[in-house]
Amino acid sequence: MARGRGRGGRRREDRQKAKQRQINRALKLSEINSKARYQQEEYLRRRQQAERDALKKAQGETSQQPRPDKNNEASSSSSSESEDERQTPYDLLVTSLQSNRDQSSSEDISDSEDDGDDSDSVQEEEDDIESDEDSEQEDITRDDGEDVSTDNEEEERTIPEDLTSDEETTVKGKKRKKEDDGVLEQRKVKRKLKPIEEQDKREEQEKEGQWSSDGESEGEDPEDEKSTTGKDPFWHHLTTELQEDQVDKLGQQSSWARKEAMWKAIGRLVHTYCPEGPKSSITVNKDSINKMNVKGLLCTNWNEVNGAAANQENAEEIKLSSDGEFTGRQRELFSLMHGYKDVYFSERTHQNGEELRKLYCLHALNHVLKTRSVVTRHNTKLKLGAEVDPDSDEFQDQGLTRPKVLLVVPFREAALRTVHIITQLMRRPDGKPVEVMNKKRFQDEYSELEHAPPKVPLPEDFEATFAGNIDDHFRIGLSVSRRNIRLYSPFYLSDIIIASPLGLRTVIGAEGEKDRDYDFLSSIEVLILDQTDIYLMQNWEHIQHLMQHMHLQPKETHGTDFSRVRMWYLNGWAKYYRQTLIFSSIPSPEINAIFNKQCYNYAGKVQVCNPPSRGTICQVALQLPQVFRRVECSSFSQAADERFNFFVSQVLPQLKDGNMQRTLFFIPSYFDFVRIRNYFRKEDITFAQICEYTTQANISRARQYFQRGDRPFLLFTERFHFFRRYRIKGIHSLVFYELPLFPHFYSELCNMLELGGGEGGAADRTCTVLYTKYDAQRLAAVVGAGRCGHMVTSSKSVHMFVTGEQG
């Protein structure tokens, strides 16, 4: 036990001695460090005094001499103040980083002195540093084209004479290491800032319209400068500041002005704008896409994507165009889209549908890429320590949420085609496809479903509309960058949202529901409604519900940095900056109401409206007498009741008394269908019915009853005909309770009378149409604009046409 305690005591003594040695060594190192710092500070003080004296002497002797060397001037304290006034924020950033590097390097030199026990070891280390830095200095001189040795010679001349040779050598090595480290650090920071400075320069040139998308400044080529389109519409639209009085005028759309124009490809335009708002005009941009301020990546891929047209006619038109980039229709529509006007194009067909899809995909991607480019560049600046002026809006580049483009399409097949076009437009410059995340899952969920081919040939427009996967309940977010596209990204991390009206309705929910979310609609800057006429056949209330929840105040912050939110978002003026693009195959009062009452774009809005010269009545192949009977009504709200009363009192009794069997009643509205069905049941009228909610078994029975004559009347809805396109046999008489929404349905149903069969010939077939003065739009699509004007204003209420009559 005694031995154990003796060994333990010796161990404690050894530990105490070791600790005391460490303390002594730390004190010695601290003393050496203090002495070295004192010598360094004294040297720097004397050197600065000598430089000031030399500078004053030089200024007094040669006031007319050129400015001294830039490096010497930057090193002097007297001229540094004036240099700071002329420095840009990037120069100040570089200077601050260099000073931090100088301080750290000086502390490293002091630490290296502390490690030595005598001045000889310090001298040897400094000599090694000096020899190494001399070789590095030669490389710097060759790379930068600057003679650094001149500065070193000047420093040698300014070293005070009272320093010893050892001190002089030590200080000279320290100084050369510090300055060379500063030069290297400055080159490193400049290398990081160079892309940002170039992007800022390009941004300014884009704002002034002096940059072409191929990456070269247009100002260098006079010919290119002549073809420039002026300011970039993207910058101009988002950075224009509205005044409160202008916002008040924008909200009063009844006071907006209207102008008409006639363009070569798309025809008659109606331009509506606010006179008190920013200047708004429409012109056709005839420049090449490379000079339209479109992102260079999109310009590179556009010709290849657009050249692969959906039909041969469009492909040939592109080849025959002057630049081989756009069709005539595409160029004129893109001029309006790119100018951030609201556009309502009501002449979409299955022939031109794909070229329109490519066009709005190009516009949407250009908007998203420019938005992300600005945000990314500002993020880099802030990470490098750029100063933020609280009174400046330089870094206000975001909205309340991230999604900027909302693309509404009716079916999954349309979403699949849209994503396919987006991936093609984002192809890398080397020709390789862009990386698409979750691509397999997307292909599995949105690809075409297997179904049996139709037994009978169907109309061409039906096959084009219902091709592929026609599921109408979906939504998907896309996060877009130059390197990849991420599918199924969360809405608040997405740039583009592609969804159906039903898919959006289930997310938005209804008032009172707990799990509802519409914050992602608060910052939509481009709203695209494609194939809008199909929404009328699905459920138009979903679109109305969507428009009512656009740009509402978010319930949560969603991680938003409000210091970078644009001011017009904070003011609640987002709807005045939103661009709305509507594409439809028909004009409709419901779509007109959305476009006229819920689109407030300060840039104005343009509607393409070409009155039909010849209606679809010319497509009726039978020699069929067609009687149009006008229903008088004093207001639109009374039209439904007046039509029903006229039908019950004037039309139906004639059909009963005349013993007209096998009469098909075409009823566009489901509410009118239910009203007439209930009346027939109340009056004990034998009839069959087919609507969109009828089961397949009941559809087959109703068709058989009507064809055999067991049921004299058949109630038939437009929505059923839109989704099924059945050919009804056995029709002898046709009654249009209201004109169809789709004008070609009129000729299709009239031509079904040829399949009537039975007793009598074609002369016994009749067609009766009911209309009011509020149905002028549908009437013009059927009989033509000229005849429509006469039929609405004529004193006669009955007009009869025979197929083949020239108007």
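Assorted remarks:
- Relative packing of peptides 575-587, 719-731 - highest average C-beta neighbours within 10 Å first: 575-587, 719-731
- Low-density loop positions, GluC sites (Glu not before Pro), the stretch 703-794 - DSSP coil, at most 16 other Cβ in 10 Å: Glu759
- With an a/c value of 1.5 or above and a/b not larger than b/c for the gyration tensor axes a ≥ b ≥ c computed over the alpha-carbon atoms, the stretch 674-728 is described as oblate.
- Extent along principal axes [Cα atoms of the stretch 465-616; Å; largest to smallest]: 57, 42, 37
- A compact globular protein would have a Cα radius of gyration near 2.2 N^0.38 Å; the ratio found for the stretch 400-511 is 1.20.
- By the count of neighbouring beta-carbon atoms within 10 Å, fewest first, Ile676, Ile528 end up ordered Ile676, Ile528.
- You can think of it this way: the chain between Asn592 and Lys729 has 45.7 nm of extra reach, that is 0.36 nm per residue less the Cα-Cα gap.
- Taking other C-beta atoms within 10 Å as the exposure proxy, Val565, Val648, Val294 rank Val648, Val565, Val294 from fewest upward.
- Column: log10 I(q)/I(0), Debye, Cα scatterers of the stretch 616-802, q = 0.11, 0.16 Å⁻¹: -0.45, -1.01
- Positive-end ranking of Ile728, Gln654, Gly789 along the dipole of the stretch 616-802, with charges on Cβ about the Cα centre, is headed by Ile728.
- Extension gain from Arg15 to Gln243, taking 0.36 nm per residue of separation minus the Cα-Cα distance: 74.2 nm
- If a spin label sat at a point 7 angstrom from the Cα of His744 along the line to its beta carbon, the backbone N atoms of the stretch 581-615 nearer than 12 Å would be those of 585-586.
- As a size descriptor, the averaged projected area of the C-alpha convex hull of the stretch 509-595 was calculated at 6.8 nm².
- Part-to-part distance (alpha-carbon centres) for the stretch 556-622 and the stretch 767-803, which is given in Å: 29
Since every read-out is calculated from the coordinates, none of them should be taken as a lab result. None of these values were measured; they are calculated from a predicted model. When we count neighbours, we look across all protein chains shown, and the Cβ atoms used for this are built from the backbone with ideal geometry, even at glycine.
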